[in-house]
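Attaching a single structure in structure tokens format; questions to follow.
The values are calculated or read from the model by the stated rules, or taken from the named source; none is laboratory data. Computed from a prediction, not measured in an experiment: that's the story for all the values here. Reconstructed Cβ throughout: ideal geometry from the backbone, glycine too, with neighbour counts over all protein chains shown.
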Amino acid sequence: MTLRDHAFWLRAPGEGEIRPVDVGPPGEGEVLVRTLFTGLSRGTETLVFRGEVPPNQYATMRAPYQDGDFPAPVKYGYLNVGQVEQGPADLVGRTVFCLYPHQTRYVVPADAVTVVPDAVPARRAVLAGTAETAVNALWDAAPLLGDRISVVGAGMVGATVAALAARFPGVRVELVDVDPGRATVAAALGVDFAHPDDAAAGRDLVVHASATSAGLARSLELLAVEGTVVDLSWYGDRPVSVPLGEHFHSRRLTIRSSQVGRVSPARRDRHGYAGRLAIALDLLADDVFDTLLTGESDFADLPGVLPRLADGSLPALCHVIRYPTGG
């Protein structure tokens with residue numbers, strides 16, 4: 001039996017719509033999932049929505065179950081939590097996370113979904129992809145006991161990195177952002193907060209997640225001698241200016257990238273993609289991460305929500321999309 005469901009599509013840069021889609025029954029080794037919640041990544045998804053993916057990154061930026069091509073029309077998204085309605089007996093009825101776009105029901109191979117631990121509410125589980133990015137970043141950054149760490153950019157990814165880094169013994173974490181309202185987020189996560197002009201210097205490690213040239217430049221300024229900036233930002237097609245004069249050489253500073261598309265080489269031999277995601281989901285059992293869920297809308301309202309996220313008129317860390325219980 002084929003089901004009539006619906007999916008969100010980017011019709012053209014800056015214009016989204018909900019389209020009907022036919023979802024067939026699952027085959028052998030597949031699952032039919034009814035979506036409960038999806039999350040909107042304000043960074044990557046708004047870049048896609050504005051049509052700012054560089055042509056030379058079209059292949060790299062494809063989501064696992066993306067339909068269409070950049071810049072548009074395209075069905076894009078990757079923070080999906082749902083309930084398995086049909087499939088292997090051990091999965092039916094389970095809440096699962098999948099890297100799937102915004103769609104009411106879908107069919108994927110059973111090994112494409114990860115069971116959400118009982119201790120993690122379905123709504124919070126939309127942060128799994130973000131927590132996975134943060135886990136990978138900290139594997140790349142390799143903080144040490146007692147390190148002085150700054151995270152520049154208090155968005156969804158930066159805040160998650162700060163929350164996890166603060167768990168290292170003896171580490172002091174400062175979350176840095178131009179928005180003074182993010183001080184409340186920092187306090188809830190148990191870390192310090194500062195405006196970039198007032199941020200503490202002499203840092204052993206800075207994780208940059210503001211996706212701005214100014215943020216990257218300030219990250220370098222905050223480092224101690226031989227310190228490291230781990231850059232998590234995705235800049236799209238915007239040029240980035242990096243000050244490699246001044247203190248960069250005299251202090252022997254390091255800039256390195258971290259990106260979730262590859263498992264950090266520090267753990268690649270022991271944890272693949274599935275293992276990394278499982279770790280991220282386990283970490284979300286801590287209800288402190290509810291701090292990052294800053295808004296919620298119905299699926300039917302998604303075409304009007306994304307433009308407001310993209311232009312900044314709807315402030316959010318992770319904005320949750322709620323799906324109808326009847327599918």
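Within the range 41-66, how many residues are among the acidic types (Asp, Glu) and within 29 Å of Pro121 (Cβ to Cβ)? Full working, then the answer.
Here is the first cut: in the range 41-66, the residues among the acidic types (Asp, Glu) are 45, 52.
Remaining after also requiring within 29 Å of Pro121 (Cβ to Cβ): 45.
Qualifying residue count, the range 41-66: 1.
Okay, moving on. When you scan the range 144-193, how many residues do you find that are outside any loop (DSSP other than H, G, I, E, B), of a type outside the set (D, E, K, R) and within 18 Å of Leu317 (Cβ to Cβ)? Show your work before the answer.
Step one: list which residues in the range 144-193 are outside any loop (DSSP other than H, G, I, E, B), which gives 148-152, 156-165, 172-176, 182-189, 192-193.
Applying the additional criterion that residues be of a type outside the set (D, E, K, R) yields 149-152, 156-165, 173, 175-176, 183-189, 193.
Then drop every residue that is not within 18 Å of Leu317 (Cβ to Cβ), which leaves 151-152, 156-165, 173, 175-176, 183-189, 193.
Here the count works out to 23.
A further question on this structure: For Phe37, are the conditions met, namely being closer than 24 Å to Ala128 by Cα, among the aromatic types (Phe, Trp, Tyr) and either at pLDDT 95 or above or not assigned by TED's automatic domain parsing to the domain that holds Val113 (or both)?
Numbers: closer than 24 Å to Ala128 by Cα: yes; among the aromatic types (Phe, Trp, Tyr): yes; either at pLDDT 95 or above or not assigned by TED's automatic domain parsing to the domain that holds Val113 (or both): yes.
When the stated conditions are applied, Phe37 passes them.
For the range 1-75, please list each of the strands (runs of 3 or more DSSP E) lying entirely inside it that holds at least 2 residues being closer than 25 Å to Gly153 by Cβ. Show your work before the answer.
Numbers: elements: 3-12, 15-23, 30-41.
Because the criterion is at least 2 residues that are closer than 25 Å to Gly153 by Cβ, the strands (runs of 3 or more DSSP E) in the range 1-75 that meet it are 30-41.
Shifting gears a bit: When the range 279-317 is examined, which residues are found to be in contact with a helix residue (DSSP H, G or I) (Cβ under 9 Å, 6 or more places away or on another chain), closer than 30 Å to Pro20 by Cβ, among the hydrophobic types (A, V, I, L, M, F, W, C) and at pLDDT 95 or above?
Leu293, Leu306
Another one. Look through the range 30-71, keep the residues that are in contact with a helix residue (DSSP H, G or I) (Cβ under 9 Å, 6 or more places away or on another chain) and of a type in the set (Lys, Arg), and return whichever of them is surrounded by the fewest Cβ atoms within 10 Å (Cβ to Cβ).
So the residue we want is Arg50.
Here is a list: Gly202, Gly227, Gly170. Which entry is exposed (fewer than 15 other Cβ atoms within 10 Å of the Cβ), farther than 22 Å from Thr44 by Cβ and free of Cβ contacts under 8 Å to residues at least 40 places away in the same chain? Don't jump to the end; show me each part of the working.
Working: Gly202 fails: free of Cβ contacts under 8 Å to residues at least 40 places away in the same chain; Gly227 fails: exposed (fewer than 15 other Cβ atoms within 10 Å of the Cβ).
Step by step, each of Gly202, Gly227, Gly170 is checked, and only Gly170 is exposed (fewer than 15 other Cβ atoms within 10 Å of the Cβ), farther than 22 Å from Thr44 by Cβ and free of Cβ contacts under 8 Å to residues at least 40 places away in the same chain.
Conditions tested, residue by residue: (1) farther than 30 Å from Ala59 by Cα; (2) outside any loop (DSSP other than H, G, I, E, B); (3) in contact with a strand residue (DSSP E or B) (Cβ under 6 Å, 6 or more places away or on another chain).
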{"position": "Ala200", "(1), (2), (3)": "yes, no, yes"}
{"position": "Leu205", "(1), (2), (3)": "yes, yes, yes"}
{"position": "Ser219", "(1), (2), (3)": "no, yes, yes"}
{"position": "Val230", "(1), (2), (3)": "no, yes, yes"}
{"position": "Asp237", "(1), (2), (3)": "no, no, no"}
{"position": "Val242", "(1), (2), (3)": "no, no, no"}
{"position": "His249", "(1), (2), (3)": "yes, yes, no"}
{"position": "Ser264", "(1), (2), (3)": "no, no, no"}
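Based on what the data block shows, is Gly215 loosely packed, with under 14 Cβ neighbours inside 10 Å, of a type outside the set (A, V, I, L, M) and either touching a Gly at 6+ places or on another chain (Cβ under 9 Å) or assigned by TED's automatic domain parsing to the domain that holds Arg148 (or both)?
On the way: loosely packed, with under 14 Cβ neighbours inside 10 Å: no; of a type outside the set (A, V, I, L, M): yes; either touching a Gly at 6+ places or on another chain (Cβ under 9 Å) or assigned by TED's automatic domain parsing to the domain that holds Arg148 (or both): yes.
In short, no.
Which one of these does Ala280 not meet: (1) touching an Asp or Glu at 6+ places or on another chain (Cβ under 9 Å); (2) surrounded by fewer than 14 Cβ atoms within 10 Å (Cβ to Cβ); (3) part of a helix (DSSP H, G or I)?
Against the list (1) touching an Asp or Glu at 6+ places or on another chain (Cβ under 9 Å); (2) surrounded by fewer than 14 Cβ atoms within 10 Å (Cβ to Cβ); (3) part of a helix (DSSP H, G or I), Ala280 comes up short only on (2).
If Gln103 satisfies every condition in (1) touching a residue at least 40 places away in the same chain (Cβ under 8 Å); (2) under 18 Å from Ala63 (Cβ atoms); (3) touching a helix residue (DSSP H, G or I) at 6+ places or on another chain (Cβ under 8 Å) but one, which is the exception?
(3)
With (1) touching a Gly at 6+ places or on another chain (Cβ under 6 Å); (2) more than 19 Å from Val173 (Cβ to Cβ) as the list, and Ala224 as the residue in question, which single condition is left unmet?
Among (1) touching a Gly at 6+ places or on another chain (Cβ under 6 Å); (2) more than 19 Å from Val173 (Cβ to Cβ), Ala224 violates only (2).
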